[in-house]
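The values are calculated or read from the model by the stated rules, or taken from the named source; none is laboratory data. Keep in mind that this is a model prediction, so the values were computed, not measured. When we count neighbours, we look across all protein chains shown, and the Cβ atoms used for this are built from the backbone with ideal geometry, even at glycine. Just so you know, the surface numbers come from the protein's heavy atoms only, side chains and all, with ligands and any DNA or RNA stripped out. Shrake-Rupley method; radii C 1.70, N 1.55, O 1.52, S 1.80 Å.
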Amino acid sequence: MLQRIHTDSWFWILLFFVLSFLLLKAGKRTPKKIVHMLLRLIALIMIVTGILMLVAYQFPIAYTVKGILAIAMVGVMEMILGMTAKGKRTGPFWAALIILVALVLLIAFRVLAF
């Protein structure tokens with residue numbers, strides 16, 4: 001059950017991030033705040049279920065690295081939204097986000113193993 005919740009949260013976190021960014025760019029402040037809070041809730045669920053699975057699986061190194069990268073990914077998402085709201089440049093953070101998402105997914109699907 002944890003794995004299903006964790007897997008589903010990945011879909012929702014990416015969806016809510018994109019929606020929050022689009023609402024921010026469109027100037028829709030109230031809907032953006034609601035979606036941003038949902039993004040944070042899903043991120044919290046993703047982190048908690050990830051930690052519980054790490055404990056259950058006795059901290060395999062690949063998934064521990066995946067967890068660290070996933071937490072960094074959530075941080076980069078927050079930075080993109082915050083800096084965009086302030087009108088600052090976010091290009092390097094978008095590059096970091098794309099790399100982090102790719103690495104996390106490659107590790108999750110066991111394409112990248114160590």
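Please give the per residue accessible area of the stretch 11-114, computed with a probe of 1.4 Å over protein heavy atoms only, in Å².
It amounts to 62 Å² per residue over the stretch 11-114.
If you roll a 1.4 angstrom probe over the protein chains with everything in place, what fraction of the accessible area of the chain belongs to carbon and sulfur, to the nearest %?
Working: 5360 of 7190 Å².
The computed percentage sits at 74.
Positive end of the dipole of the stretch 1-109, charges at C-beta (+1 Lys, Arg; -1 Asp, Glu), about the Cα centre: which of 21, 1, 52 has its Cα farthest in that direction?
Of the options given, the answer is 21.
How large is the dipole of the stretch 1-109 about the Cα centre if only Lys and Arg carry +1 and Asp and Glu carry -1, each at its Cβ, rounded to the nearest 20 debye?
Values: 11 positive and 2 negative charges, 118 e Å.
Taking the Cα centre of the stretch 1-109 as origin, the dipole is about 560 debye.
Could you quote the convex hull projected area for the chain, Cα atoms only and averaged over all directions, in nm²?
Hull-based average projected area comes out at 7.0 nm².
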